[in-house]
Amino acid sequence: MNKAITEFDKNQSYYVQEWQRGYESQPKEQEYYIEDIEGKIPPELEGTLFRNGPGLLDIAGTPIHHPFDGDGMICSFSFKDGKAHFRNRFVRTEYYLQEQEAQKILYRGVFGTQKPGGWLNNIFDIKLKNIANTNVIYWGDKLLALWEAAEPHSLNPHTLETIGIDYLDGILQPGDAFSAHPWVDPSCELDGGQPCLVNFSVEPGLSSKITIFEIAPDGKLLRRHSHIIPGFSFIHDFAITPNYCIFFQNPVNFNPFPFLLGLRGAGECVEFQPNKPTRVVLIPRDPKNKEVKTFSVESGFVFHHANAFEVENKVCIDSIAYPSLPQVQPDANYKEVDFDNLDPGQLWRFTLNLADGSVARKLVESSCCEFPTLNPDKVGREYRYLFIGAAHKDTGRNGPLQAILKLDFETGERQLHSFAPHGYVSEPIFVPKPNAVAEDEGWVLTLVYDGKNHRSSLAILDGQNLAVEAVALLHLKHHIPYGLHGSWHSVAVA
Ligand code: CO
């Protein structure tokens, strides 16, 4: 056991045992108006924050191997007239229902959760759970829980009851994938300036098929086109500009045999290739333009992109890059992660030169950080401010996210709002104030796990004065396990 497991880490300002409890299951479904509030909810804040993440880290007491294999649980925080209503519900996927009925693990997870009984009971069983645990969005009059390797599930936005697998009115076919990382282009040039949802799917193999979907606010398909790129791909996220979809093809190999033989989860068979470059693939959003461009840049691993934009004949992409892939280990316990021995995710700016095919990269923020967000009006455009989950201190190594960091690309100013030593943040979401003029005029919402009291609180921070005391802290009666992604919907659902 490494020393950080038992001791308070003064360097990082966290208690490992407290951090670990944020990975306890939350099986209980509740709904109530939040009454334990520090500060005041701004009365102008109206709408709903939807969040998704693994709600169960065990099935009937048997731990799952990795949080990414945990059943999706949706939370809604609905704001109106200075009040906030909370609700949480599991996505009732067919797998969730079967396993809760059987009270045991019935399916293999991508990240190593195996059925009991060793490899004999897992061999050649490639049926994976669609666990609907990664993101939740409201688009085309539907609330959709997303998981990147399968179809979305739709939910009733008011009750969070699961309606079922949703094929988006025929846009998807049974078995199709739909990534958990769509972007909303706030003003699509191809559609006369109306917003559109841009998403993708990947069919991995020896070569990879990337399909791009562009969907109108009413849910109708505007554009769909597919492209084959050479090599295996593990692509979780992408970036958009008015003219391009940008994909980072991380240098990884997939060895399917341990997975097929039942020895490992599929996610454990992805091997980082430190000596190979990352390929950056630019696909034009206009299907009439078939010219896919590929660039090469030093090795690294990217899960999430912050934003991208075009300047003259250059395309800039801001991404969280890890020097090496944090690999899922078959025998490791994710709760005993040794942060000091893990590479940090850091913010880099990649600049692609469309004229000569070169790529420049620059480290923008060296602190360990993840889960970037920005003003939604600036998606795909030049922007000034980024908000991101960050470690309490820049130690040059990995660490739990305990703070929200605001970066000003114009002045270089950094503002940090830290919840250390007891608080652990989730992805921030930026909500512009009504009639806002300045890009940072809005609220930053983040769910914080309070390890001291084993409960979660929703923090409302002032986007323009991030480092000062929170505008409001809304304390839940219980904890929510560390989540993944979510989004803001401008209508209050409660
Ligand atoms: Co993600």
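Taken together, the values in this text are just the output of simple stated rules run on the coordinates, not laboratory data. Small disclaimer: the values here were computed from a predicted structure and weren't measured. Cβ coordinates were reconstructed from backbone atoms using ideal geometry, including for glycine residues, and neighbour counts include every protein chain displayed.
Compute the FRET efficiency between residue 408 and residue 29 as 1/(1 + (r/R0)^6), taking r as their Cβ-Cβ distance and R0 = 45 Å, and round to the nearest 0.05. It would help to have the intermediate numbers written out before the result.
Numbers: r = 41 Å, r/R0 = 0.90.
Efficiency for this residue pair is about 0.65.
For the chain, the relative contact order works out to 15 percent when only alpha carbon pairs closer than 8 Å and six or more residues apart are counted.
For residue 442, the residues 5 or more places off, or on other chains, whose built amide H falls under 5 Å of its own are 433, 463, 464. For the pair residue 275 and residue 452, label points projected 7 Å from Cα toward Cβ lie 5.1 nm apart.
Kindly state, to the nearest 0.05, the FRET efficiency for residue 341 paired with residue 253, given R0 = 25 Å and r defined as their beta-carbon distance. For residue 341 and residue 253, the calculated efficiency is 0.65.
Quick check: residue separation of residue 167 and residue 436 times 0.36 nm, minus the Cα distance between them. What number comes out in nm? Can you show the working numbers first?
Details: separation 269, 0.36 × 269 = 96.84 nm, distance 3.61 nm.
Once the chain is fully extended between residue 167 and residue 436, it gains 93.2 nm.
Taken as Cα centroids, region 378-405 and region 279-317 sit 22 Å apart, rounded to the nearest whole angstrom.
Mind ranking 71-82, 206-217, 160-171 by how tightly packed they are, going by the mean number of other C-beta atoms within 10 angstrom, highest first? Can you show the working numbers first?
Details: 71-82: 22.8, 206-217: 17.9, 160-171: 15.7.
For the peptides 71-82, 206-217, 160-171, the packing ranking is 71-82, 206-217, 160-171.
The calculated FRET efficiency for the pair residue 21 and residue 469, based on their C-beta separation and a Förster distance of 25 Å, comes to about 0.45. Between residue 290 and residue 311, the contour length at 0.36 nm per residue exceeds the alpha carbon distance by 5.4 nm. Placing +1 on the Cβ of every Lys and Arg and -1 on the Cβ of every Asp and Glu, with no other charges, gives the chain a dipole of roughly 660 debye about its Cα centre. Under 8 Å for C-alpha pairs, at least 6 residues apart: give me the relative contact order for region 418-457, rounded to a whole percent. After rounding, I find 41 percent.
Sequentially through region 61-78, phi angles give Karplus couplings (6.51, -1.76, 1.60; θ = phi - 60°) of x, 8, x, 7, 7, 8, x, 5, 8, x, 4, x, 10, 9, 10, 10, 10, 9 Hz, Gly and Pro residues having no value and appearing as x.
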